[in-house]
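A quick write-up on the structure given underneath.
The values are calculated or read from the model by the stated rules, or taken from the named source; none is laboratory data. Computed from a prediction, not measured in an experiment: that's the story for all the values here. Backbone-built Cβ (ideal geometry, glycine too); neighbour counts: all protein chains shown.
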Amino acid sequence: MQSAHSIQADGALYGERISSQSLFDEDEWHFDSNLPGKPYLTMRWQIKLADGALLTDAQHRTWLIGCKQVLLHIIRGSVGLRGRIRARSIMSRGEILRLVIVSMSERGLYRFSDLTDAHIIALRNSIYERKVHKRSGDGTFRTTDKLWSESYRRHAIFLLRTIVLLQELIPDGALLSPQLADELLPKAQAPRRGGLTPRIPDEIFVRLLSSALTWVDEIGPCLLARSAALDAIKSSSPNSSAMVRRYRAFYDADHNPISVTIGDCNYNIGALQRTRLRSWLNHLMSACYVLIAGLTGMRLSEALSLRAGCLRTIPTSDGRNLLLLNGTLYKTSASDSGEAASWIAGWDEPRNPVRLAVGTLEALHSRHGPLDPQLLLFTPIRESRGGRWSGEGRSSHSIAHRINAFAAFCGIRDWRFAAHQFRKTFARFVTLSAPNAVLALQRHFKHVSIAMTERYLPTDTDLMDEIIEQSFETDIAHLEAILKSDRLAGIKGEEILRRNAAFRGDSDAASEARKACIESTIGDPGFRVIRHVYGDCFYEASSARCAGSIVNVGLQTCVGCKNFVVETSHLPFWQEQLSAVEADLVELSQLDLHSDALERQRTTASEIIGRLTDG
């Protein structure tokens, strides 16, 4: 008679290999992971049920096998499910499966065959009432008042749907109505791109970047020097008692004070002792992550893949060098081990923030000896390994914890940071600083095609998509501001001003009218908004003075164009323009010279400023 381990299902033995380290019938599954520094992730089947027993106990053997089969089919991507998934996604599905198992046991259900359609519906409804659990400092979990996120609900409903689809393929499967999967548990729609992770508000992001740069550029060198002095005491002491005496003498010595202001508090780096210094060094590593993620748009896994010597430069056609970060791209790679990729980090200058951050990380790890070229730069520093800052899994939660601790220490407590927010905020600032960024870079490098420009860009199409989408959102916000404005200049601006009375104000009617107008405008396949520092072009080929050629685009061409709009956000440019032109005219008058071109520029600037102000 065959044992349960040798029963065949779906063409495979239950004892088959799940990963390079685990078999199906083991009570712990170790999944091969491509997380930097984390070779595998563990799914434990010793799940505690409502009756106090474990899922791995003998009386629940059949149910355990069925649960393993469900996860195995998800891993394989069989029965019309999504394709093969990686370790982190498997762990997420396994956690939801654990919650479903516990919920079933709370209802007295200890086999899939006990499930009815009504039970499935009840489980589905409970998902929408489920509260988030948070781990406390003592390792226990507490229930919060926050409901599950929409994405987590989708994954949970997807798992219930999977149980319905697999009922004939798992041992002792449920006897459920087949149409239940589509009618009562409709397949969750894919999340709207960019809709789940909020971007950091502009003002908070700038404050955090500024604080991080101060830490890396000014505070970091002082911390590293203090650390080197303390390490010298430890390495030169013959025994622990001598080391304690030397530490005490060092702390009592009159060192030059190094005063810094962080948040609203003043600190003396020259008085930091070992324990406090360790916390500051961890904050320094968090500052490095903020700069690298915020100024390159790298994903968490990509930032964690960075190693010593990851910087390189490439020349451009204008004689300057671009700074690039060499790392590993995981998410969109066809290989589980990822593929080599580079991320642009600005111009290669000595004070480039990303160069400073990488140099600081290398200095942090080289304090105790030669730097291993294979060392991951975000590996916890030696003093913190095994402690609360060790970040064994270096998950998004642990990184977020570090960033929030750093931000709070710097006095930034009005936002809750998450690792992926930096990527979305990077896309936002790219569009603000360089509308149509990819096209602008193509023009700057004088490339014939985007394919040539891609040599200088990250091989990260998802990030390019986010930049394009953010640019689209910015265009919509800009269009709404123009429609509701009562101060516009330019030929097109004056035309809009004559017809936008119904769009002005904050009433519901005006808001609905603007929304309808924007939807119809952006729905036009020929619609294009091109933003310049001096105004906006509502591009129409038939009336464009530039004739659609970039070589013709410029201030003098655009000002007289029928497509040109100037609104209040452009006012600083025109005020500076007027001041510069008037200064030039004063110099010419002192030389008894006259310029009709400058007079026309002054008249144009004065008229535009007058239309955007009270006179």
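So the check is Cβ under 7 Å with 6+ separation or different chains; which pairs have a first residue in the range 117-141 that's closer than 12 Å to Ile157 by Cα and a second one that's surrounded by 11 or more Cβ atoms within 10 Å (Cβ to Cβ) and modelled with pLDDT of 85 or more?
Partner pairs satisfying both residue conditions: Leu123/Val100; Leu123/Ser103; Ser126/Ser103.
Among helices (runs of 4 or more DSSP H) lying entirely in the range 370-475, which contain 3 or more residues that are modelled with pLDDT of 65 or more and within 15 Å of Gly294 (Cβ to Cβ)? Outline the logic, then answer.
On the way: elements: 396-409, 421-433, 437-444, 450-453.
Because the criterion is at least 3 residues that are modelled with pLDDT of 65 or more and within 15 Å of Gly294 (Cβ to Cβ), the helices (runs of 4 or more DSSP H) in the range 370-475 that meet it are 396-409, 421-433.
Does the range 333-348 hold any residues that are surrounded by 14 or more Cβ atoms within 10 Å (Cβ to Cβ) and within 20 Å of the chain's Cα centre (by Cα), and which are they? Give the steps one after another, and end with the answer.
Looking only at the range 333-348, we keep the residues that are surrounded by 14 or more Cβ atoms within 10 Å (Cβ to Cβ), and these are 333, 338, 341-346, 348.
Once the filter is applied, which keeps residues that are surrounded by 14 or more Cβ atoms within 10 Å (Cβ to Cβ) and within 20 Å of the chain's Cα centre (by Cα), the range 333-348 yields Ser333, Gly338, Ala341, Ser342, Trp343, Ile344, Ala345, Gly346.
Can you name every residue in the range 93-104 that is farther than 15 Å from His133 by Cα and among the small types (Gly, Ala, Ser)?
Gly94 - this is the single residue of the range 93-104 that is farther than 15 Å from His133 by Cα and among the small types (Gly, Ala, Ser).
For (1) in contact with a helix residue (DSSP H, G or I) (Cβ under 7 Å, 6 or more places away or on another chain); (2) of a type in the set (S, T, N, Q), each residue gets a yes or a no:
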{"position": "Glu480", "(1), (2)": "yes, no"}
{"position": "Glu494", "(1), (2)": "no, no"}
{"position": "Arg499", "(1), (2)": "no, no"}
{"position": "Asp506", "(1), (2)": "no, no"}
{"position": "Ala509", "(1), (2)": "no, no"}
{"position": "Arg514", "(1), (2)": "yes, no"}
{"position": "Cys517", "(1), (2)": "yes, no"}
{"position": "Ser520", "(1), (2)": "no, yes"}
{"position": "Gly535", "(1), (2)": "yes, no"}
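Looking only at the range 566-581, how many residues end up being within 17 Å of Ile530 (Cα to Cα) and of a type in the set (Gly, Ala, Ser)?
1
Name every residue in the range 493-531 that is exposed (fewer than 15 other Cβ atoms within 10 Å of the Cβ), among the hydrophobic types (A, V, I, L, M, F, W, C) and modelled with pLDDT under 80, in order of residue number.
Ile522, Phe527
Report whether or not Ile496 is touching a Pro at 6+ places or on another chain (Cβ under 8 Å) and touching a residue at least 40 places away in the same chain (Cβ under 8 Å). Spell out how you get there, then give the answer.
On the way: touching a Pro at 6+ places or on another chain (Cβ under 8 Å): no; touching a residue at least 40 places away in the same chain (Cβ under 8 Å): yes.
So Ile496 fails the test.
Condition first: at pLDDT 85 or above and more than 30 Å from Ala427 (Cα to Cα). Can you find one or more residues in the range 194-216 that meet it?
no
Suppose the filter is under 28 Å from Arg402 (Cα atoms) and either free of Cβ contacts under 8 Å to residues at least 12 places away in the same chain or surrounded by 16 or more Cβ atoms within 10 Å (Cβ to Cβ) (or both); does Asn239 pass it? Steps first, answer last, please.
On the way: under 28 Å from Arg402 (Cα atoms): no; either free of Cβ contacts under 8 Å to residues at least 12 places away in the same chain or surrounded by 16 or more Cβ atoms within 10 Å (Cβ to Cβ) (or both): yes.
No; evaluated as a whole, the condition is false for this residue.
Can you pull out the residues in the range 244-269 that are of a type in the set (A, V, I, L, M, F, W, C) and more than 28 Å from Gly411 (Cα to Cα)?
Val244, Ala249, Phe250, Ala253
List the pairs whose first member sits in the range 88-103 and is over 19 Å from Ser126 (Cβ atoms) and touching a residue at least 12 places away in the same chain (Cβ under 8 Å), whose second member is buried (at least 19 other Cβ atoms within 10 Å of the Cβ) and among the β-branched types (Val, Ile, Thr), and whose Cβ atoms are under 8 Å apart, counting only residues at least 6 apart or on separate chains?
Listed by first residue and then by second, the contacts come to Ile90/Ile74; Ile90/Ile75.
Just to be sure I understand, how many residues within the range 336-369 are part of a helix (DSSP H, G or I) and either outside the structural domain of Ile399 (by TED's automatic domain parsing) or charged (D, E, K, R) (or both)?
2
Where residues in the range 97-135 are aliphatic (A, V, I, L, M) and in a loop (DSSP other than H, G, I, E, B), which of them is modelled with the lowest pLDDT?
Leu115
Out of all the residues in the range 242-286, which are surrounded by fewer than 15 Cβ atoms within 10 Å (Cβ to Cβ) and of a type in the set (Phe, Trp, Tyr)?
Phe250, Tyr251
Scan the range 563-583 and tell me whether some residue there is part of a helix (DSSP H, G or I), acidic (Asp, Glu) and either touching a Ser or Thr at 6+ places or on another chain (Cβ under 7 Å) or surrounded by 11 or more Cβ atoms within 10 Å (Cβ to Cβ) (or both).
Within the range 563-583, one or more residues are part of a helix (DSSP H, G or I), acidic (Asp, Glu) and either touching a Ser or Thr at 6+ places or on another chain (Cβ under 7 Å) or surrounded by 11 or more Cβ atoms within 10 Å (Cβ to Cβ) (or both).
Mind checking which residues of the range 242-273 are out of contact with any strand residue (DSSP E or B) (no Cβ under 8 Å at 6 or more places or on another chain), closer than 25 Å to Ala407 by Cβ and in a loop (DSSP other than H, G, I, E, B)?
Gly263, Asp264, Leu272, Gln273
Being modelled with pLDDT of 75 or more, closer than 30 Å to Tyr330 by Cβ and among the small types (Gly, Ala, Ser): is that true of Ser149 here?
On the way: modelled with pLDDT of 75 or more: yes; closer than 30 Å to Tyr330 by Cβ: yes; among the small types (Gly, Ala, Ser): yes.
The answer is yes for Ser149.
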